[in-house]
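Peer 1: I am attaching a structure below and will ask some questions about it afterwards.
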Amino acid sequence: MLSPGKVNHYGKLEMAFEPRRGYTRLVHVYQQPPLKASRELYADNKPTATVFIMESSGGMVAGDKNEISVKLAPESQVKLKQQSALKIYPSHTGEQCTQDITVDIAEGARLEWLPEVTIPFERAKFQVNTTIRMTASSTLIWGEIIAPGREMRGEIFDYQSFQSKYKLYVEESLIAFDSFHFKPQEMNVSSIGVLEKALYIGSLWIVSPRVQELDIRRLQEMIHQETSLQASVTKLTDHAIHCRWLSKEQRILHKEINRMFEHVATLL
């Protein structure tokens, strides 16, 4: 008797938010396992809706696909956070896992995507495509962290492929296209101009009409306070800033990116 073939997961999560009676509400949600969204949470009676994105399968396996769609109506205020790290398991079949994230932020709306780590296991193959469209009056604070693998198990850049494409549009104008494709078995990721001695990559995207109120010099001073990291602050436009970190340790990177995230979120 033949054993049944592997059934790939096709996770789908659609979320739409809009203000109602003084609070931002999750007015539409469609979820297809293993993806799921929590109910809205509110801190200190503030109108911002905090929602956790959950992945019930424990991780993505060769050929799995996730699609996440987020829409914010005008004046919505939302915080999204993955419940845990995203784990990409080995690709024994040679197939690639993919995750597509699309975000639409309407006039005066605000989205915060709190950083969580993506961990590609040994022999994993993964591609993530993120596309964000927003207006000139909306606000985005988006963080992400990429690990070299399960470092505590000695898996460091043992995955097959990790590809990321991040596109950011403001008023239909592309202001940022951040793309990289690591194949550690075919390239030296530790070479000059790539990661050198770093293991972890952290990014923070800050877009808002109030970015001009931020003290760029102060942000540069903050990002260089932790001397064990390599870091930079880049002003993309008058309304957009990108911060990037390269780190040898996940704990320090997580602490620093969260510190910058909270600092900027308080000011904007």
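Peer 1: Between THR102 and LYS248, what length in nm is gained on full extension when 0.36 nm per residue of separation is reduced by their alpha carbon distance? Can you show the working numbers first?
Peer 2: Working: separation 146, 0.36 × 146 = 52.56 nm, distance 3.04 nm.
Difference between extended and current length: 49.5 nm.
Peer 1: Apply the a/c threshold of 1.5 to the C-alpha gyration tensor of segment 139-179 and tell me whether it is rounded, prolate or oblate. It would help to have the intermediate numbers written out before the result.
Peer 2: Values: a/c = 7.02, a/b = 2.51, b/c = 2.80.
Oblate shape, in that a/c is at least 1.5 and b/c is the bigger or equal ratio.
Peer 1: With r as the distance between the Cβ atoms of GLU75 and TYR10 and R0 = 25 Å, compute the FRET efficiency 1/(1 + (r/R0)^6) and round to 0.05.
Peer 2: Working: r = 33 Å, r/R0 = 1.33.
With a Förster radius of 25 Å, E is 0.15.
Peer 1: Based on the Cβ-Cβ distance of THR93 and THR237, what FRET efficiency does E = 1/(1 + (r/R0)^6) give at R0 = 45 Å, to the nearest 0.05?
Peer 2: Step by step, r from the Cβ atoms, then E = 0.55.
Peer 1: Next question. Assuming a ≥ b ≥ c are the square roots of the Cα gyration tensor eigenvalues, decide whether segment 126-268 counts as rounded (a/c under 1.5), prolate (otherwise, with a/b larger than b/c) or oblate. Intermediate values should be presented prior to the final figure.
Peer 2: Working: a/c = 2.29, a/b = 1.45, b/c = 1.58.
It comes out oblate by the Cα gyration axes.
Peer 1: Would you please classify the overall shape of the chain from the alpha carbon gyration tensor, given that a ≥ b ≥ c denote the square roots of the eigenvalues, rounded means a/c under 1.5, and beyond that prolate means a/b larger than b/c while oblate covers the rest? Walk me through the intermediate numbers first.
Peer 2: On the way: a/c = 1.92, a/b = 1.17, b/c = 1.64.
Oblate shape, in that a/c is at least 1.5 and b/c is the bigger or equal ratio.
Peer 1: Using the alpha-carbon centroid of each, what span in Å lies between segment 227-260 and segment 136-199?
Peer 2: Using only Cα atoms to place each centre, the spacing works out to 13 Å.
Peer 1: Let me ask something else. Before I look further, what does segment 110-268 give for accessible area per residue, probe 1.4 Å, in whole square angstrom? Numbers along the way, then the final one.
Peer 2: On the way: 7310 Å² over 159 residues.
It amounts to 46 Å² per residue over segment 110-268.
Peer 1: So for the chain, averaging the separation of alpha carbon pairs under 8 Å that are six or more residues apart and normalising by length, what relative contact order in percent results? Before the final figure, lay out the partial values.
Peer 2: Numbers: 680 pairs, mean separation 32.8, N = 268.
Computed over the chain, the figure is 12 percent.
Peer 1: Please give, to one decimal in nm, the separation of the simple spin-label points placed at SER173 and SER228, each 7 Å out from Cα toward the Cβ.
Peer 2: A separation of 4.1 nm, rounded to one decimal place.
Peer 1: Still on this structure: Between LEU268 and residues 5 or more places away or on another chain, which pairs have amide H atoms under 5 Å apart, with H built 1.01 Å from N, and which residues are they?
Peer 2: The list, which skips near neighbours in sequence, is empty: none.
Peer 1: Still on this structure, I have one more. Would you calculate the separation in nanometres between label points at GLU262 and GLN127, each defined as 7 Å from the Cα along the Cα-to-beta-carbon direction?
Peer 2: 3.8 nm
Peer 1: Find out how many positive minus negative residues lie around ARG251, taking Lys and Arg as positive, Asp and Glu as negative, among other residues whose Cβ is under 13 Å from that of ARG251. Kindly include the intermediate steps, with their values, before the conclusion.
Peer 2: Numbers: positive: LYS248, LYS255, ARG259; negative: GLU151, GLU226, GLU249, GLU256.
Residues near ARG251 contribute -1 overall.
Peer 1: Using label points projected 7 Å from each Cα along Cα→Cβ, tell me how many nm separate GLU40 and ASP215, to one decimal.
Peer 2: 3.6 nm
Peer 1: Just to verify a number: FRET efficiency for MET187 and VAL27, C-beta to C-beta distance, R0 = 51 Å, to 0.05? Walk me through the numbers before you get to the answer.
Peer 2: Working: r = 46 Å, r/R0 = 0.89.
About 0.65, to the nearest 0.05.
Peer 1: Got a number for the accessible area of THR131? Probe 1.4 Å, square angstrom, nearest 10.
Peer 2: About 40 Å², rounded to the nearest 10.
Peer 1: Still on this structure, I have one more. Give me the net charge of GLU14's neighbourhood, meaning all other residues with Cβ under 11 Å from the Cβ of GLU14; Lys, Arg count +1, Asp, Glu -1.
Peer 2: Numbers: positive: LYS12, LYS71; negative: GLU67.
Local charge sum for GLU14: +1.
Peer 1: Going by average Cβ density within 10 Å per residue, which order do the peptides 252-261, 94-103 take, highest to lowest?
Peer 2: Details: 252-261: 19.4, 94-103: 17.8.
Taking the mean over residues of other Cβ atoms within 10 Å, the ranking is 252-261, 94-103.
The values are calculated or read from the model by the stated rules, or taken from the named source; none is laboratory data. What you are looking at is a predicted structure, and each value in this text was computed from that prediction instead of being measured. Note that each Cβ is placed from the backbone with ideal geometry, even for glycine, and that neighbours are counted across all protein chains shown. With ligands, DNA and RNA removed, areas are computed over all heavy atoms of the protein, side chains included. Shrake-Rupley method; radii C 1.70, N 1.55, O 1.52, S 1.80 Å.
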